[in-house]
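Structure first, then comments.
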Amino acid sequence: MTAMRPETSNETRLREDVCRFGRSLFERGLTPGSSGNISVRLDGGGWLVTPTNASLGFLDPAKLSRLDEQGRLISGDAPTKEVPLHTALYDTRGSARAIVHLHSTHSVALSMLPEIDPRAALPPMTAYYLMKCGATALVPYYRPGDPAVADAIKGLAGKYSSVLLANHGPVVAGDTLEAAVFATEELEETAKLYLLLRGMNPRYLSAEQVKDLVKVFGVALPEHGHEE
Ligand SMILES: [Zn+2]
């Protein structure tokens, strides 16, 4: 077996990881049909993204779209039409190494509720939601393919690692692919909890408890800096 250059072996592993996580998300019903897409930055520059009209359940590592730093296709199938969602978040959030976008049921449902705060789509329900997702921003509805959605994400200035697109689904960044996938799952489960408890006057975490998480775990909450 010939020795691989370090960036090549990194790319081989990441290609397999994208397919493995995609399949796992699809098989648990977290994004139906050919919806949803995943991207990951490569050590050698550029990034991998899932192709257009591809089900996350049946991805082929060899056919993932490989893009250069400017988002131009280098190899593989044509990329998802939702590439602008990914570039907008990468451009404004320097720490982002991977992005997951799903059409997951509970997150989409949450995005349509009238009471949602666009700067905190979910209340502080659990410690793990805050630790993995921080605060979640909500951006308005845009027609699929409308470039204005990228401007809306850029307008958040990289302060949010998790963004909910109204009537569409979540877009979540992580400093690794695994972190982005786990944060997307946490957001979906927290949206489910919110819907289960809606109208039941549940106890959320108190301001004191949130402050404690910020202090102990370094949870980054965009609003927090303004409070003191
Ligand atoms: Zn979508």
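Quick look at the numbers
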item	result
Hey, ARG20 surrounded by fewer than 21 Cβ atoms within 10 Å (Cβ to Cβ), assigned to a helix (DSSP H, G or I) and not hydrophobic (A, V, I, L, M, F, W, C) or not	yes
SER35 being modelled with pLDDT of 95 or more and either over 17 Å from LEU177 (Cβ atoms) or open to solvent by less than 20 Å² (accessible area, probe 1.4 Å) (or both)	yes
Residues of the range 42-91 satisfying the condition of being on the phi > 0 side of the Ramachandran plot, in contact with a helix residue (DSSP H, G or I) (Cβ under 8 Å, 6 or more places away or on another chain) and either of a type in the set (A, V, I, L, M, F, W, C) or modelled with pLDDT of 95 or more (or both)	GLY76
Residue in the range 75-88 that is open to solvent by 30 Å² or more (accessible area, probe 1.4 Å), closer than 20 Å to LEU164 by Cβ and touching a strand residue (DSSP E or B) at 6+ places or on another chain (Cβ under 6 Å) present	yes
Any hit, the range 44-57, residues being open to solvent by 30 Å² or more (accessible area, probe 1.4 Å), within 16 Å of the ligand (Cβ to nearest atom) and either in a loop (DSSP other than H, G, I, E, B) or within 21 Å of ARG97 (Cβ to Cβ) (or both)	yes
Those residues of the range 119-154 which are away from the ligand (no atom under 16 Å from the Cβ), open to solvent by 60 Å² or more (accessible area, probe 1.4 Å) and assigned to a loop (DSSP other than H, G, I, E, B), in sequence order	ARG119
Positions within the range 92-104 being away from the ligand (no atom under 11 Å from the Cβ) and in a loop (DSSP other than H, G, I, E, B), in sequence order	ARG93, GLY94, SER95, ALA96, ARG97
Residue check, SER107 more than 16 Å from the ligand (Cβ to nearest atom) and hydroxyl-bearing (Ser, Thr, Tyr)	no
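Results for (1) of a type in the set (A, V, I, L, M, F, W, C); (2) within 17 Å of ASP175 (Cα to Cα), shown as yes or no for each residue.
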site: LYS81; (1), (2): no, no
site: ALA96; (1), (2): yes, yes
site: HIS101; (1), (2): no, yes
site: THR105; (1), (2): no, no
site: TYR142; (1), (2): no, no
site: GLY145; (1), (2): no, no
site: VAL149; (1), (2): yes, no
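The values are calculated or read from the model by the stated rules, or taken from the named source; none is laboratory data. Source: prediction; values computed, not measured. Backbone-built Cβ (ideal geometry, glycine too); neighbour counts: all protein chains shown. Please note that ligands, DNA and RNA were not included when accessible areas were found on the heavy atoms of the full protein model with its side chains. Shrake-Rupley method; radii C 1.70, N 1.55, O 1.52, S 1.80 Å.
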